[in-house]
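Report on the structure given below.
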Amino acid sequence: MILDREQEIEQIRVNEVREKLQTRIAHMSPDVQDLREQVVEIRKDLWDEVTVNMSHTDDVNETMASLKQQSELLSERERSHRHTFLMLQKMNRLLPAPYFARIDFVEAETEEGHTSEQIYIGMSSFIDTDGETFLVYDWRTPIASLYYDYAPGPAAYDTPGGTVTGTMQLKRQFIIREGRIRYLFDTALTIGDEVLQQVLGMGADPQMKSIVATIQKEQNAVIRNDRSRLLIVEGAAGSGKTSAVMQRVAYLLYKHRTTLRADQMVLFSPNPLFNSYVSAVLPELGEENIRQTTFQDYLGSRLEPEFQVEDPYDQMEYELTATHQPGYNARLAGIRFKSSALFLQVLSRYKEHLERTGMRFRALKFRGHAVVSAEEMNAKFYSYPSSVRLANRVELMQEWLMERLAVLADEEVRKDWVQEELNYLDNEKYHKAYMRLRKRKGLGNSDLHEADEEEALLRRMVVDEHYKKLRARVRRQRFVHIPALYRQLFVGGTLLTELNDGELPEQWEEIGQYTLQNMDVSLLSYEDAAPYLYLSELVQGFRMNNTVRHVLIDEAQDYSVFQFEFLKRLFPRARMTAVGDFNQAIFTHEAAFRDEEAVANLYGEADTERLHLTRSYRSTREIVEFTRALVPGGERIEPFNRGGDKPRVTLAAAGADAAAGARHAAARIHALRGEGFASVAVICKTAAESLAAHAAIAQAGATEVALVTKRTQALPPGAVVIPAYLAKGVEFDAVVIYDASPAAYRRESERKLFYTACTRAMHVLELYAPGELSPFVAALDPGLYALNGVQEEQPAGHRVREGE
Ligand SMILES: Nc1ncnc2c1ncn2[C@@H]1O[C@H](COP(=O)(O)OP(=O)(O)OP(=O)(O)O)[C@@H](O)[C@H]1O
């Protein structure tokens, strides 16, 4: 066989490269050790100098000079230690599998008479001792993109100097383990992507893996896009959006390695669970992890403790479970309105309105009296020229109030209460105050004998002590009454009508009532949190983070226009990558993601690019064919060709109780685990249902099943019970939908949640429905799934209530 012969030749090369790696590693290891010792030594010296010589004043200058020199030396050594250490780490990582691909490429201009160049591609570059021969090319080098973008034939790649064209004569993939070539494929000879088949056929992991060896062309476009300010990626469930984002981070860190650091990139993800799920990818790629957070964390950090901010999961639970509670529809209408582009516009008009009138202030109170009243502040505020921006006026007010406080404090010093307080100063406090005074005045002990002066100073100190709080309030601009400003929008309706083109939103009264009642008890519902903060920043100026250069948003379909607008303003120097899937938009609020205009407005059309990922890799073809039929436009989702069983739908007898469902789930967990599926998830609709299901399943005999809640920090291995909205972004070998009856999934608003739940399955998808099938399933072509346990007189699809 030609390939066997080829494999032998390739194995010889693998061995050679590995030997060179080993030699280099052996050569470098003592360097790292030596540098580490030097660093430790210099640190020790530094410490000695500080502790020994600083006690003698004569030595101070000399010591300082030497310290400076030493610390420069230390930084230099630390840098080279780090650099060498990282190099060593990279080589150690290359050792078991130095590369995963080879391409043979002939540049167009040199085609005549030239042999093709062999490019071996791996996790990082490895250059021979001559300093120029690349034994391995980093997958992020320009030339490596040929591998991802082309089949053999004419091919081209971009370099900083322009496009290089030529012919790819060979495209070879390897799977190398512990230095041995296990598989070798030439894509010109075989059909389909064998390596990808193998990778996708493996089991799910509690942590996401990198996809570096099998990045697909459309994904490569996402990873290497470096043109636009805002890159939007719309992609089907399982199309590799998150994977591409992580690879993109690694790519950008490599491409801009002299100017971009990992801590200048931030990933916004849907929940802490997801954070830990993706946290292994970058280290696996030899890069440091970037900063990871969630939007609710950010809101919390800004709004708490003044408010208790509802989290999105509680909002979600409400949406899913409170359907029969009074006020439910009004709250949903509120959620929609408060996250809409319209409300964003209302707030910017409100800002213009406030430039003229309507500001609200909190009086500065001292000992029960207003020392500066809200009216005075109002008058002062509107006495500034109207051309001065709101935030600048607030700053001017701040200065003015500080000056006012200084004058007031001078007056206060003479008041009787100060004397009274002085009388009651206990000895210890008095002494402390006295010592502090001396220090502050820089006087020797004997200089403070004048009683009058001493008393004046002590009085000043007492007043200062009290005024500290007031000054802090002014410094933090707490005199601007943001809660009142926000409330004002929901009182009466006249203001909102004026700002909202003469209209009030649907169910306006209830929305207003609900908002005000919450705020009365210092509660901000999730839908209010972003607009509230936005308003406060419109008035007081936007806080900015100028160090972050790249913001990445996963599950971007769940972000409202407010959230996008926020992130744009919060990170003014950053580029943004937003990836999402509109079919998984599980929140009621309006997704900016689909609103092309709203998104284009963010940075402008010219700076916005949209890319699409339509191929789905996570699930078997059968599962994708089933899930894509659940959503409108699903026919555009293309399954990767990996076969498996059809989703299995079990229709239990009408009247089957919850215990029967739990018994079924317990039995299926047991069976699936027995078949070798390491991760099995029983997906419920809500947290409440998950809690009950978890207990019932344990009672039915499956005790080693973990319950995932919004507080779970990392996905537990093995079997789990999890609410659908927390399963976003993650995946399992096998998924059992706990209740696929109309009792759980019937309303149109639940369709996307149902779709999200089903698309978590990689190899096996099973649905259990007591009595009837959810209309989403009943409407499907029955050929898409295998049905079990149907009662003869009640075939699937005939016992279904009309969906709403
Ligand atoms: N090119 C690829 N090579 C190997 N595996 C891939 C590739 N692309 C995607 N995958 C795998 O497909 C699965 C889904 O990928 P990922 O989670 O990134 O998709 P997603 O679009 O973010 O999904 P969702 O929106 O459903 O959460 C993962 O297991 C990932 O490793």
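Quick notes on this structure:
- Test: residue in the range 150-164 that is exposed (fewer than 14 other Cβ atoms within 10 Å of the Cβ) and either in contact (Cβ under 8 Å) with a residue 40 or more places away in the chain or within 12 Å of the ligand (Cβ to nearest atom) (or both): no
- With respect to being in contact with a helix residue (DSSP H, G or I) (Cβ under 8 Å, 6 or more places away or on another chain), at pLDDT below 95 and more than 16 Å from the ligand (Cβ to nearest atom), residue 718 fits the description.
- Condition broken by residue 691, with the remaining ones in (1) within 24 Å of residue 583 (Cα to Cα); (2) surrounded by fewer than 22 Cβ atoms within 10 Å (Cβ to Cβ) satisfied: (1)
- Taking the criterion of being crowded, with 24+ Cβ neighbours inside 10 Å and either under 16 Å from residue 786 (Cα atoms) or within 16 Å of the ligand (Cβ to nearest atom) (or both), the residues of the range 742-754 that qualify are 753, 754.
- Among the residues making up the range 587-618, those that are within 16 Å of the ligand (Cβ to nearest atom), at pLDDT 90 or above and surrounded by fewer than 16 Cβ atoms within 10 Å (Cβ to Cβ) are 610, 612, 614.
- Matching entry among 138, 130, 48 (being at pLDDT below 90 and either over 30 Å from residue 211 (Cα atoms) or among the charged types (D, E, K, R) (or both)): 48
- The set of residues in the range 759-778 that are touching a Leu at 6+ places or on another chain (Cβ under 9 Å) and either at positive phi or surrounded by fewer than 24 Cβ atoms within 10 Å (Cβ to Cβ) (or both) comprises 764, 770, 771, 772, 776.
- Screening the candidates 665, 696 for the property of being aliphatic (A, V, I, L, M), in contact with a strand residue (DSSP E or B) (Cβ under 6 Å, 6 or more places away or on another chain) and either in the same structural domain as residue 732 (by the TED database) or at pLDDT below 95 (or both) yields one hit, 665.
- Boolean, residue 681 is out of contact with any Gly (no Cβ under 8 Å at 6 or more places or on another chain) and more than 19 Å from residue 724 (Cα to Cα): no
- Scanning the range 180-202 for residues that are under 30 Å from residue 677 (Cα atoms), in contact with a Lys or Arg (Cβ under 8 Å, 6 or more places away or on another chain) and buried (at least 17 other Cβ atoms within 10 Å of the Cβ) gives 184, 185, 200.
- Residue that is farthest from residue 358 (Cα to Cα), among those in the range 483-498 that are crowded, with 20+ Cβ neighbours inside 10 Å and touching a residue at least 60 places away in the same chain (Cβ under 8 Å): 496
- Residue satisfying all of: in the range 203-233; near the ligand (Cβ under 6 Å from one of its atoms) and not in a loop (DSSP other than H, G, I, E, B); surrounded by the fewest Cβ atoms within 10 Å (Cβ to Cβ) among these: 214
- For the range 532-550, the set of residues classified as surrounded by fewer than 21 Cβ atoms within 10 Å (Cβ to Cβ) and either within 16 Å of the ligand (Cβ to nearest atom) or farther than 30 Å from residue 490 by Cα (or both) consists of 545, 546, 547, 548, 549, listed by residue number.
- Test result for residue 236, crowded, with 17+ Cβ neighbours inside 10 Å and within 12 Å of the ligand (Cβ to nearest atom): yes
- Within the range 559-586, being of a type in the set (A, V, I, L, M) and within 16 Å of the ligand (Cβ to nearest atom) holds for 578, 579, 585, 586.
- Screening residue 499 against (1) of a type in the set (A, V, I, L, M, F, W, C); (2) within 16 Å of the ligand (Cβ to nearest atom); (3) at pLDDT below 90 leaves a single unmet condition, (2).
- Some residue of the range 461-476 being within 16 Å of the ligand (Cβ to nearest atom) and either in contact with a Phe, Trp or Tyr (Cβ under 6 Å, 6 or more places away or on another chain) or not hydrophobic (A, V, I, L, M, F, W, C) (or both): no
- Condition check for residue 134: over 22 Å from residue 199 (Cβ atoms), surrounded by 15 or more Cβ atoms within 10 Å (Cβ to Cβ) and among the aromatic types (Phe, Trp, Tyr): yes
- Residue, farthest from the ligand (Cβ to nearest atom), within the range 184-197, restricted to residues that are in a helix (DSSP H, G or I) and in contact with a strand residue (DSSP E or B) (Cβ under 7 Å, 6 or more places away or on another chain): 194
- Residue match in the range 321-330 (condition: among the aliphatic types (A, V, I, L, M) and in contact with a strand residue (DSSP E or B) (Cβ under 8 Å, 6 or more places away or on another chain)): no
- In the range 205-223, the residues that are over 10 Å from residue 148 (Cβ atoms) form Cβ pairs under 6 Å with partners that are within 10 Å of the ligand (Cβ to nearest atom) and polar (S, T, N, Q), at six or more places apart or across chains, as follows: 211/243.
- Among the residues of the range 312-357, those that are basic (Lys, Arg) and in contact with a helix residue (DSSP H, G or I) (Cβ under 7 Å, 6 or more places away or on another chain) comprise 331, 338, 349, 351.
- Residue 172 modelled with pLDDT of 90 or more, surrounded by fewer than 13 Cβ atoms within 10 Å (Cβ to Cβ) and touching a strand residue (DSSP E or B) at 6+ places or on another chain (Cβ under 8 Å): no
The values are calculated or read from the model by the stated rules, or taken from the named source; none is laboratory data. Not measured: the values here are computed from a predicted model. Glycine gets a Cβ as well: all are built from the backbone with ideal geometry, and neighbour counts include every protein chain shown.
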